[in-house]
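Rule-based calculations on the coordinates, nothing more; no lab input. Here the structure is a predicted model, which means the values were calculated and not measured. Heads up, the Cβs are rebuilt from the backbone with ideal geometry, glycines too, and the neighbour counts pull from every protein chain shown.
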Amino acid sequence: MVIVRTPVRISFGGGGTDLAAYYRQFGGFVVSAAITRYCYVIANAVPDGCIHISSADYHMWQAYPRGVTPPIAPPLALPKAAVSWFAERGLLASGVDLFLASEVPPGTGLGSSSAMAVALVHALATYAGLRMTAVEMAELACSLEIERLNMPIGKQDQYASAVG
């Protein structure tokens, strides 16, 4: 069993300058800090080789049979995106049971979705035996949200959560 917690963040300034369209042209500068409110992910082995995803915040549970990678679509698109990234690389062949919870509700402006993305990456990497640095986890979390989920967000949230 793997239990991970990652902090959410508060932003003091520079929000928006972390968007690729901005910082590639003008550079960027943000000031944010991790706070003592957390997102949690528990990854546990499952005897049937299935993939189970449950979210306390959304009051949802979904299961996928052995060998079936969850489609990256709502509901629970973020954990499905993380699971699919690891499954595509053969790192979840034995299945996994994921439980997600947060101390702050979604949509508060504290970067909770990005903190959850980092928590998912950290938990799944640890579960799969893949060593990743905090920066690698932040970058993968960014990739999941920005590239796989097409979210119009920057990178400050993931980095604040991953490096504290």
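Miscellaneous remarks
- With contacts taken as Cα pairs under 8 Å and at least 6 residues apart, the chain reaches a relative contact order of 30 percent.
- Positive-end extreme of charge dipole, the chain - chosen from 35, 73, 150 (charges on Cβ): 35
- Cβ-based exposure ranking for 142, 50, in which fewest neighbours within 10 Å come first: 50, 142
- Looking at the stretch 42-164 alone, DSSP beta bridges between its own residues are antiparallel in about 60 percent of cases.
- Going from the fewest other Cβ atoms within 10 Å to the most, the residues 10, 153 appear in the order 10, 153.
- The convex hull of the Cα atoms of the stretch 7-85, projected and averaged over all directions, covers 7.4 nm².
- For the stretch 1-102, share of DSSP beta bridges that run antiparallel, in % to the nearest 5: 80
- Selected from 115, 101, 56 as most flexible by GNM, with the chain as the system and alpha-carbon contacts under 10 Å: 56
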